[in-house]
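Every number here is computed from the coordinates shown, using simple stated rules; none is lab data. Treat the numbers as computed from the prediction; the structure is a model and nothing was measured. Cβ atoms come from the backbone with ideal geometry, glycine included; neighbour counts cover every protein chain shown.
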Amino acid sequence: MRDIQLRRFISKYVQSAAYHEAGHATVAALQGMPLQQGGIHVDSEGSGVSYYWHRSPGSPARLSSDQLERQRTVIALYAGWISQTKYFEDADCPQDAWASDRTTICKLLEEMHPTHPAARSAAQVELRSKAGEIVSQNWLAIGRLASALLAKPETPQPPTEIAAGWSQGKRKVERWMRGSEVAELLRKFGIPACVRPVR
């Protein structure tokens, strides 16, 4: 009986990764952040990746456009974790499952408010709350996208995805949807997603 429960737990956790990536992609698109043709991927052990245009840490520029990009990126990053834990309420999302997202969030918040920890903390609370609102309002679209991803057959990971290093799976297989497929599905929910090629 305990083995069956463990298998069910692991299976649902692996499925929750699809909700994580669907949350990223859906909320990014809702904020006008273009998707990339790389789309969304999950492996057989609960890791995944979403390809969309976002702000990367590293630039000190603080124009209003820079701050807006940081805010949108933080919201999209939080949306993955919120979507995963909303789907899989019985288990906390392990910290290492979204360590990369958390690191990026912290760095972007530091760039937003480099000398004001209180303002940084307030921004974190506000942006996480905003992400939760967007996820709740668009849960049907996120769920449909996650289900579509999980319905894909398992295929061998191409060398480019292995080299990207997002998957820790030993089997080196994945389920994935192209960016154009993701955008097409989201448009059915009135979400004007677009796909921008990598230059």
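At-a-glance table
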{"item": "Simple label model, 7 Å out from Cα along Cβ direction - D66 to S129, nm", "result": "2.7"}
{"item": "Degrees separating the helix 99-112 axis from the principal Cα axis of the chain, which is the longest one", "result": "10"}
{"item": "Highest-MSF residue in the chain out of G169, G132, G39 [GNM, Cα springs under 10 Å]", "result": "G169"}
{"item": "C-alpha long axis of helix 117-137 to longest principal axis of the chain, angle in °", "result": "50"}
{"item": "Choice from S50, S180, S16 showing the highest fluctuation, given a GNM over the chain with Cα pairs closer than 10 Å", "result": "S180"}
{"item": "P(r), alpha carbons of region 2-187 - 5 Å bins starting at zero, rounded %", "result": "1, 8, 17, 20, 20, 15, 10, 5, 2, 1, 0, 0"}
{"item": "Choice from A164, A22, A76 showing the highest fluctuation, given a GNM over the chain with Cα pairs closer than 10 Å", "result": "A164"}
{"item": "Partner lysines for K130 [C-alpha distance under 17 Å; skip if fewer than 8 residues away on the same chain]", "result": "K86"}
{"item": "For the chain, calculated [θ]222 nm from helices alone, where every DSSP H run of n ≥ 4 adds -39500 (n - 2.57)", "result": "-19500 deg cm²/dmol"}
{"item": "At R0 = 25 Å, FRET efficiency that the Cβ-Cβ distance of S56 and T115 yields, to 0.05", "result": "0.70"}
{"item": "Packing-based ranking, highest mean first, of 58-66, 40-48 given that Cβ atoms within 10 Å are counted", "result": "40-48, 58-66"}
{"item": "Rounded tilt (10° steps) of 64-87 against the dominant C-alpha axis of the chain", "result": "30"}
{"item": "Student exercise, the chain dipole from Lys, Arg, Asp, Glu Cβ charges, in Debye to nearest 20", "result": "260"}
{"item": "Cα-projected label distance for S136 with R171, points at 7 Å along beta-carbon direction, nm", "result": "3.6"}
{"item": "Under 24 Å from K170, Cα to Cα: lysines that are on another chain or at least 8 residues apart", "result": "K12, K152"}
